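Asks: Sharing a structure here in structure tokens format.
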Amino acid sequence: MMTQQVSGLLFFKPFFQKTPVRVDSSLQQRRHTLPASEFRNLTPQDAISVFEIEREGKSLAFISVSGECPLTLDEVLNFLGQCPELSLGWFEEGQLVAFIIGSGWDKERLSQEAMTQHVPDSSTVHIHVLSVHRHCRQQGKGSIILWRYLQYVSCMPGLRRALLICEDFLVPFYLKAGFKEIGPSAITVSNMHFQEMEYTLSGQAYSRRNSDC
């Protein structure tokens, strides 16, 4: 602060620093950088992460709250080895937060054999499981990854529809996503019964959606 004396009175002049205050670069970077978000096909190397999420509990296709895993680790490895192009994983900062695993099927309806088989060059994708990490639930991630997956497989040559089975309480979730209910499934697991759902693939070009929505 500077002083100036006028007619016996002492005035104080504020001193303004012309040099801008330095902001820590790491703070600035954290403020303006959103968490990295990536959607990609899964590989056998992702199988352990997939299985760990499944083992936690809820999934949105096939078995949901029964405490059983829809797919065993061997089945996960099998599908990711045979048809990784029919899977989709959502990664945030390198961590898997949600995923879908599918396989090819060539019959009108799903049967017990569809649970473990992949039929190459078929017109139907069977969605075995849609699952979200327990720390990322109630955030709309299930709807987002399902939307992306359906847009993605719509662009795959030869695919015409998607089939899945789910428990009754999940039927509204899939109806909202554009599926239609085609009746009780012939598949039973541990005395559980399911509804079979179908989605007609439009074949429209895949359009990207903002990953942070």
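The values are calculated or read from the model by the stated rules, or taken from the named source; none is laboratory data. Keep in mind that this is a model prediction, so the values were computed, not measured. Only protein heavy atoms, including side chains, enter the accessible area calculation; ligands, DNA and RNA are left aside. Shrake-Rupley method; radii C 1.70, N 1.55, O 1.52, S 1.80 Å.
Asks: Under a 5 Å amide H to amide H cut-off, with H placed in plane at 1.01 Å, what residues pair with HIS126 once short-range neighbours are removed?
Replies: SER103, GLY104, TRP105, LEU163
Asks: Then there's this: First compute the accessible area of segment 107-161 with a 1.4 Å probe, then give the percent of it belonging to carbon and sulfur atoms.
Replies: Working: 1270 of 2600 Å².
Carbon plus sulfur share of accessible area: 49 percent.
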